[in-house]
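All remarks here apply to the structure that follows.
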Amino acid sequence: MLDLQSTCRHFCFYLLPAFSLQAFSSAVEALRLANEVLGRAVYSWQVISDDGQPAASSCELLVCADSSLSFERERIRRSISAPAVVIVGGRNAPSPHKQLDAWLRECRNRRGSLVGICSGTIVLARAGLAEGRRCAVHWEQFPIFSERFPHVVATQTAFERDGDLYTCAGGDAPFDMFLDLVDRHHGTIVANRICEKAIAHRTRSAGDRQRLPLHSRVQLNHQAVIKVIEEMEANLTEPLLLDELVCSAGLSRRQIERLFRRELGCSPSRYYLDLRLERAHLLLVSSRLPVVEIAMACGFVSASHFSKAYRDAYGCAPHQSRLPVYQRKEMRSNRPEESRTRQIDRRLSNERIPNCH
């Protein structure tokens with residue numbers, strides 16, 4: 001397979017409907033700045049849309065296209081090689097597109113490298129081009145992606161590189177991913193000069209976390225807490241006991257509980273429950289899975305326990321999360337106000353929820 005690290009210098013950016021303008025511009029800006037620092041046009045790119053017309057981003061700004069999908073499919077049939085194809089998506093799951101899937105397979109057959117950004121990774125997985133590979137998936141899309149593509153090694157990281165397959169969660173992480181590529185092509189000095197021009201004080205490496213842990217407003221510095229959180233995130237369907245979690249951190253249960261309260265303001269059990277409920281919420285609003293299946297997928301042994309925990313956390317029953325936002329707000333506004341004592345009692349009972357069930 002052709003490796004982005006060695007020979008590819010031309011990129012075809014295919015823009016999905018409602019693509020992320022931030023993600024797209026972050027990627028292109030890294031390449032533009034690389035050319036500026038190097039003093040020559042080392043990298044080139046073109047924009048492709050389905051019909052060759054301007055593509056509308058999620059913020060409704062239009063980006064002009066250089067070519068159409070049908071033209072690029074015809075071009076690659078006449079070629080023995082393929083460029084690096086970058087599929088740029090957004091938050092929405094893309095609709096099935098047989099011609100796009102076929103083009104990507106044709107590119108792969110001609111040893112072309114593939115890059116997925118935001119929901120562009122879903123397109124690569126749907127086309128069968130990511131099986132057994134590590135793929136960075138945005139944390140909001142992660143639950144449904146994991147359920148739909150169990151043979152893909154999905155991660156909640158900023159970006160991943162697995163051979164000739166690059167994937168990125170979106171946001172400004174594409175800048176980090178393409179900067180990593182430039183670093184491998186031209187060295188750290190060039191990458192650092194690009195950062196200076198972009199006023200980028202911190203860049204992420206492949207495998208770095210996408211986001212701060214729940215409840216945290218500052219960067220966690222204690223590696224033991226991070227290790228336990230990573231174990232929790234990797235075991236949401238079948239939750240581990242707290243004693244099993246602390247073994248991975250090399251500290252005692254008491255030490256871990258004290259660190260969690262200091263760093264995150266809650267107990268490990270509470271944090272673990274919130275992670276599972278967040279996964280359930282994302283599945284509820286992004287999939288049509290039955291509530292019972294979602295409860296089981298998030299480690300709850302019964303639908304009744306799941307419903308109670310979910311209502312306590314989100315203020316509505318699980319099935320109500322699938323209603324339009326304005327309907328949920330109206331239902332909450334019509335609910336009787338809870339007394340202060342009852343709210344306190346409820347929070348205390350939440351703290352005593354068992355680790356796993």
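Matching residues to (1) open to solvent by less than 40 Å² (accessible area, probe 1.4 Å); (2) modelled with pLDDT of 90 or more:
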{"residue": "Arg202", "(1), (2)": "no, no"}
{"residue": "Asp208", "(1), (2)": "no, no"}
{"residue": "Leu251", "(1), (2)": "no, no"}
{"residue": "Leu264", "(1), (2)": "yes, no"}
{"residue": "Leu277", "(1), (2)": "yes, yes"}
{"residue": "Ser286", "(1), (2)": "no, no"}
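State all residues of region 134-169 that are among the hydroxyl-bearing types (Ser, Thr, Tyr) and either on the phi > 0 side of the Ramachandran plot or buried (at least 24 other Cβ atoms within 10 Å of the Cβ) (or both); if no residue qualifies, say none.
The first filter runs over region 134-169 and keeps only residues among the hydroxyl-bearing types (Ser, Thr, Tyr), leaving 146, 155, 157, 166-167.
Within region 134-169, Tyr166, Thr167 meet the criteria.
Between a first residue in region 28-42 that is more than 16 Å from Ala84 (Cα to Cα) and open to solvent by 40 Å² or more (accessible area, probe 1.4 Å) and a second residue that is part of a helix (DSSP H, G or I) and not basic (Lys, Arg), which pairs have beta carbons less than 6 Å apart while being 6 or more apart in sequence or on different chains?
Note: pairs meeting the criteria are Ala41/Asn35.
For region 9-43, name all the residues that are closer than 19 Å to Ala198 by Cα and not in a helix (DSSP H, G or I). Even if it seems obvious, please write down each step before you answer.
Step one: list which residues in region 9-43 are closer than 19 Å to Ala198 by Cα, which gives 21-43.
Matches in region 9-43: Gly39, Arg40, Ala41, Val42, Tyr43.
Does at least one position in region 2-13 carry a residue that is farther than 18 Å from Gly170 by Cβ and among the charged types (D, E, K, R)?
Here is the first cut: in region 2-13, the residues farther than 18 Å from Gly170 by Cβ are 2-10, 12.
Within this subset, residues satisfying the condition of being among the charged types (D, E, K, R) are 3, 9.
Within region 2-13 (the criterion being farther than 18 Å from Gly170 by Cβ and among the charged types (D, E, K, R)), the answer is yes, since at least one residue qualifies.
Among the residues of region 100-120 satisfying the criterion of being touching a helix residue (DSSP H, G or I) at 6+ places or on another chain (Cβ under 6 Å) and open to solvent by 10 Å² or more (accessible area, probe 1.4 Å), which is nearest to His138 (Cα to Cα)?
Per the stated criteria, the residue is Cys118.
Which pairs turn up if I take residues in region 232-258 that are closer than 24 Å to Val301 by Cβ and look for partners that are of a type in the set (Lys, Arg) and assigned to a helix (DSSP H, G or I) with beta carbon separation below 6 Å, at least 6 apart in sequence or on another chain?
Leu236/Arg276; Leu236/Arg279; Val246/Arg253; Ser248/Lys227
Got a sec? Which of Glu131, Glu140, Glu147 is acidic (Asp, Glu) and within 18 Å of Ile87 (Cα to Cα)?
Glu131
If I ask for residues that are under 14 Å from the mean Cα position of the chain (by Cα) and of a type in the set (A, V, I, L, M), which ones from region 157-190 would you list?
Ala158, Ala169, Ala173, Met177 - these are the residues of region 157-190 that are under 14 Å from the mean Cα position of the chain (by Cα) and of a type in the set (A, V, I, L, M).
Taking Phe71, is it among the aromatic types (Phe, Trp, Tyr), open to solvent by 40 Å² or more (accessible area, probe 1.4 Å) and either within 24 Å of Phe175 (Cα to Cα) or outside any loop (DSSP other than H, G, I, E, B) (or both)?
Against the criterion (among the aromatic types (Phe, Trp, Tyr), open to solvent by 40 Å² or more (accessible area, probe 1.4 Å) and either within 24 Å of Phe175 (Cα to Cα) or outside any loop (DSSP other than H, G, I, E, B) (or both)), Phe71 qualifies.
In region 51-68, which residues are surrounded by fewer than 13 Cβ atoms within 10 Å (Cβ to Cβ) and touching a residue at least 24 places away in the same chain (Cβ under 8 Å)?
Cys59, Leu61
Scanning for something under 19 Å from Gln156 (Cα atoms) and touching a residue at least 12 places away in the same chain (Cβ under 8 Å), does region 308-318 turn up at least one residue?
To start, the set of residues in region 308-318 that are under 19 Å from Gln156 (Cα atoms) comprises none.
No, there is no match, as no residue in region 308-318 is under 19 Å from Gln156 (Cα atoms) and touching a residue at least 12 places away in the same chain (Cβ under 8 Å).
How about region 181-196: which of its residues are touching a residue at least 12 places away in the same chain (Cβ under 8 Å) and open to solvent by less than 30 Å² (accessible area, probe 1.4 Å)? Full working, then the answer.
Restricting attention to region 181-196, the residues satisfying the condition of being touching a residue at least 12 places away in the same chain (Cβ under 8 Å) are 181-182, 184-186, 190-191, 193-195.
Answer for region 181-196, where residues must be touching a residue at least 12 places away in the same chain (Cβ under 8 Å) and open to solvent by less than 30 Å² (accessible area, probe 1.4 Å): Leu181, Val182, Val190, Ala191, Ile194, Cys195.
The values are calculated or read from the model by the stated rules, or taken from the named source; none is laboratory data. Not measured: the values here are computed from a predicted model. Note that we place each Cβ from the backbone using ideal geometry, even for glycine, and neighbour counts take in every protein chain shown. Please note that ligands, DNA and RNA were not included when accessible areas were found on the heavy atoms of the full protein model with its side chains. Shrake-Rupley method; radii C 1.70, N 1.55, O 1.52, S 1.80 Å.
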